[in-house]
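Reading through the structure tokens given below for one structure.
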Amino acid sequence: MVIPVKLIARWPRRGDVMIVVDGDRTFLRADDVERLAQVPAWSAGETVLGDEWPEELDGVPFYTLEAAVAKVSEHAGKEPAREFLGWLDVTLPQLLAPDVVAQARRDVSPLVSFTIDQTAAQLLRNPGLRMNRVQLFAYLERCGWVRRAGDEWTPTDHARAEGFLTVRQIPHPDPSRGKHASYPRIYVTPAGMDKLRASLRSDAPEFTPALTPALFD
């Protein structure tokens, strides 16, 4: 599952709207929408785009984007609502651009994740899933989770967006690269570990180790 992303849209001199992007669905915090558009708060008897809205995320009511627009459009004859719709129309395409969402996405902490060596050791506990780190990197590349960046492996945007891999910057072991040089060490998250176990059991691939091992993990 793609990790939801929380964004803050700032309407200058008016206020903020919290936005949650969860896969292909976009949610706007209900009380932010109602305050800025100056529309009545949602009540249990309302039905616009479904029988149950707004939805609750972490216990807080949120409108889907479609429901928010429908709600505010009911009051578009009033200036605050009309201005809010105009601002939303200009702001959302910029805010929801893929590169903006990707930058805002928070990785799973390496503290609760596994290095490649630890991942291989964990997989050893499962019958039939024995492999070394070189074979594991080869499999992750085959799955589209990692790619080569020079002499190093780096996680793909897909693997990080899905919450399968995360990274931690490690001081570079080669002093010739500079005092503050670092490289990204790849970690497999708990969700990534579950996905690997499931896919390896069903795939049972014939592993072909890379011709040259990765210099860094």
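Shown in residue order for the stretch 73-83 are the 3J(HN,Hα) couplings computed by the Karplus curve 6.51 cos²θ - 1.76 cosθ + 1.60 at θ = phi - 60°: 4, 4, 10, 5, x, 9, 4, x, 5, 5, 5 Hz (x for Gly and Pro). With both labels modelled 7 Å from their Cα along Cα-to-Cβ, the Leu111 to Asp16 distance reads 2.3 nm. Taking label positions 7 Å along the Cα-Cβ direction at both Leu96 and Asp31, the computed distance is 2.4 nm, reported to one decimal.
Taking 0.36 nm per residue of separation and subtracting the Cα-Cα distance, what length does fully extending Ala41 through Val60 add? Could the numbers behind the result be given before it?
On the way: separation 19, 0.36 × 19 = 6.84 nm, distance 1.35 nm.
So the chain would gain 5.5 nm between Ala41 and Val60.
For Trp153, the residues 5 or more places off, or on other chains, whose built amide H falls under 5 Å of its own are Phe216.
For the pair His158 and Ala198, the difference between a 0.36 nm per residue extended length and the Cα-Cα distance amounts to 12.6 nm. The phi-based Karplus calculation (6.51 cos²θ - 1.76 cosθ + 1.60; θ = phi - 60°) puts the 3J(HN,Hα) values of the stretch 134-145 at 5, 5, 5, 4, 4, 5, 4, 5, 4, 6, x, 8 Hz, whole numbers, x for Gly and Pro.
Multiplying the residue separation of Ala121 and Lys78 by 0.36 nm and subtracting their alpha-carbon distance yields 9.2 nm.
A short reminder: the numbers here are calculations on the coordinates, not readings from a lab. On a predicted model such as this, the values are computed, not experimentally measured, just so you know. Quick reminder, even Gly has a Cβ in these numbers, built from the backbone with ideal geometry, and neighbours come from all protein chains shown.
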